[in-house]
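Every read-out reported here was derived from the displayed coordinates using simple, explicitly stated rules and does not represent laboratory data. All of these numbers come straight from a predicted model, not from anything done at the bench. We place every Cβ from the backbone using ideal geometry, glycine too, and count neighbours over all the protein chains shown.
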Amino acid sequence: QSVLTQPPSVSAAPGQKVTISCSGSSSNTGNNYVSWYQQLPGTAPKLLIYDNNKRPSGIPDRFSGSKSGRSATLGITGLQTGDEADYSCGAWDSSLSAFVFGTGTKVTV
Amino acid sequence: EVQLVESGGGLVQPGGSLKLSCAASGFTFSGSSMHWVRQPSGKGLEWVGRIRRKGNNYATEYGASVKGRFIISRDDSKNTAYLQMNSLNIDDTAVYFCTRDTEAFDIWGQGTMVIVS
């Protein structure tokens with residue numbers, strides 16, 4: 001039922017960079033803020049990015065967000081083994097009057 | 001400490017009902033919209049619904065898969081949100097999280113497991 005499309009997996013070596021795309025439509029990512037969540041195995045999701053590109057207090061600047069048109073991107077630089085997790089994007093969908101999540105991306109370091 | 005704690009999960013037969021609670025502490029609960037999100041084992045996050053604050057008339061919205069079966073409510077005097085789940089089916093089996101909505105979902109509970117079998 002996910003409305004937002006993400007790649008199933010991405011991988012890179014420690015210290016390298018990965019980007020994760022999140023593609024939606026004009027009713028969600030195109031006209032509403034995108035947020036990103038990290039979920040380590042067996043734990044609750046954690047907010048990484050909100051309002052497309054803002055980091056909550058305590059989130060390192062290795063994590064960044066951007067948006068262009070209907071697509072958003074999460075970037076992670078200086079990859080660490082502790083970054084191995086599932087990452088999901090999300091946005092409000094104005095047509096559905098519902099919040100929608102991405103399909104999720106597993107990052108392997 | 002800002003915290004959300006879910007409770008009430010468990011095993012329920014198809015067609016049955018269950019009520020989850022989400023107890024908040026460390027922040028002004030009455031000023032926050034609260035959401036429920038679920039995650040079946042090994043799968044992605046699915047938004048269940050939300051309840052807005054008093055200033056927005058406690059308005060509720062629901063995801064398509066639960067609309068008409070689930071009801072979200074809140075008691076600001078108890079700093080608690082609730083998820084009443086009715087007519088449960090096996091597809092409702094998941095970990096259920098409550099989360100606070102400020103700029104985004106910035107605070108999450110640890111989750112409570114619901115098994116429909």
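Would you order A:74, B:11, B:4, B:88 from fewest to most other beta-carbon atoms within 10 Å of each residue's own beta-carbon? Present the calculation step by step, with values, prior to reporting the outcome.
Numbers: A:74 28, B:11 12, B:4 25, B:88 22.
Final ranking by Cβ density, sparse to dense: B:11, B:88, B:4, A:74.
Please give the length that would be gained between residue B:69 and residue B:90 if that part of the chain were fully extended, namely 0.36 nm times their separation in residues minus their C-alpha to C-alpha distance (nm, one decimal).
Details: separation 21, 0.36 × 21 = 7.56 nm, distance 1.37 nm.
Contour length minus the Cα-Cα distance gives 6.2 nm.
Would you please calculate the Kirkwood hydrodynamic radius of the range A:1-102 over all C-alpha pairs and express it in Å, rounded to one decimal?
Values: mean 1/r = 0.0730 Å⁻¹.
Across the range A:1-102, the inverse of the average 1/r is 13.7 Å.
For B:6, B:46, what's the fewest-to-most ordering of other Cβ within 10 Å of each Cβ?
Working: B:6 23, B:46 19.
Fewest-to-most ranking of B:6, B:46: B:46, B:6.
Using the Cα centre of the protein assembly as shown as the reference point, and only Cβ charges (+1 on K/R, -1 on D/E), how large is the resulting charge dipole? Debye, rounded to the nearest 20.
On the way: 20 positive and 17 negative charges, 55 e Å.
Dipole magnitude for the protein assembly as shown comes out near 260 debye.
Give me the dipole magnitude in Debye, nearest 20, for the range A:42-109 about the Cα centre, with unit charges on the beta carbon: positive for Lys and Arg, negative for Asp and Glu. Display every interim value, and only then the final one.
Values: 7 positive and 6 negative charges, 27 e Å.
Charge dipole, the range A:42-109, about its Cα centre: 140 debye, nearest 20.
Quick one: which residues, 5+ away or cross-chain, put their amide H under 5 Å from the amide H of residue A:85? H built at 1.01 Å from N.
A:107
³J(HN,Hα) across the range B:13-19 via Karplus (A = 6.51, B = -1.76, C = 1.60, θ = phi - 60°), whole Hz, x for Gly/Pro?
Taking θ as phi minus 60°, the curve returns 7, x, x, x, 10, 7, 10 Hz for the range B:13-19.
State the volume of the convex hull built on the alpha-carbon positions of chain B, expressed per residue in Å³ and rounded to an integer. Working shown, then result.
Working: hull volume 11.2 nm³, N = 117.
Per residue, the Cα convex hull of chain B comes to 96 Å³.
Test of understanding: ordering B:61, B:1 by Cβ neighbours within 10 Å, fewest first, what list do you get?
Details: B:61 17, B:1 5.
Listed from fewest to most nearby Cβ atoms, that is B:1, B:61.
Normalised by the number of residues in the range A:3-109, what is the relative contact order in percent for Cα pairs under 8 Å and 6+ residues apart? Before the final figure, lay out the partial values.
Details: 273 pairs, mean separation 40.8, N = 107.
The value is 38 percent.
Residue A:34's amide H: which non-local residues (gap 5+, or another chain) put their own amide H closer than 5 Å, with H modeled 1.01 Å from N in plane and none for Pro or chain starts?
A:51, A:52
Please report Rg (one decimal) and Dmax (integer) in Å for the Cα set of the protein assembly as shown.
17.2, 50
What's the FRET efficiency of residue B:41 with residue B:78 using the Cβ-Cβ distance as r and R₀ = 22 Å, to the nearest 0.05? Walk me through the numbers on the way to the answer.
Working: r = 31 Å, r/R0 = 1.39.
Rounded to the nearest 0.05, the efficiency is 0.10.
What list of ³J(HN,Hα) values in whole Hz, one per residue of the range A:18-25 in order, does the Karplus curve 6.51 cos²θ - 1.76 cosθ + 1.60 (θ = phi - 60°) give from phi, with Gly and Pro shown as x?
For the range A:18-25, the Karplus-derived couplings read 10, 10, 10, 9, 9, 10, x, 9 Hz, x marking Gly and Pro.
How large is ³J(HN,Hα), in whole Hz, for each residue of the range A:59-76 in order, when computed from phi with the Karplus curve 6.51 cos²θ - 1.76 cosθ + 1.60 and θ = phi - 60°, using x for Gly and Pro?
8, x, 6, 5, 9, 9, x, 8, 8, 9, x, 9, 10, 10, 9, 9, x, 10
Assuming R0 = 25 Å, can you tell me the calculated FRET efficiency for the pair residue A:94 and residue B:60, based on Cβ-Cβ distance, to the nearest 0.05?
Working: r = 17 Å, r/R0 = 0.68.
That gives a FRET efficiency of 0.90.
Let's see if you can work this out: charge +1 on each Lys and Arg Cβ, -1 on each Asp and Glu Cβ, no other charges. What is the dipole magnitude of chain B about its Cα centre, in debye to the nearest 20?
Numbers: 12 positive and 11 negative charges, 60 e Å.
That gives chain B a dipole magnitude of about 280 debye.
Using the charge dipole of chain A (Lys, Arg: +1 at Cβ; Asp, Glu: -1 at Cβ; taken about the Cα centre), state which of A:29, A:68, A:40 has its Cα farthest towards the positive end.
A:68
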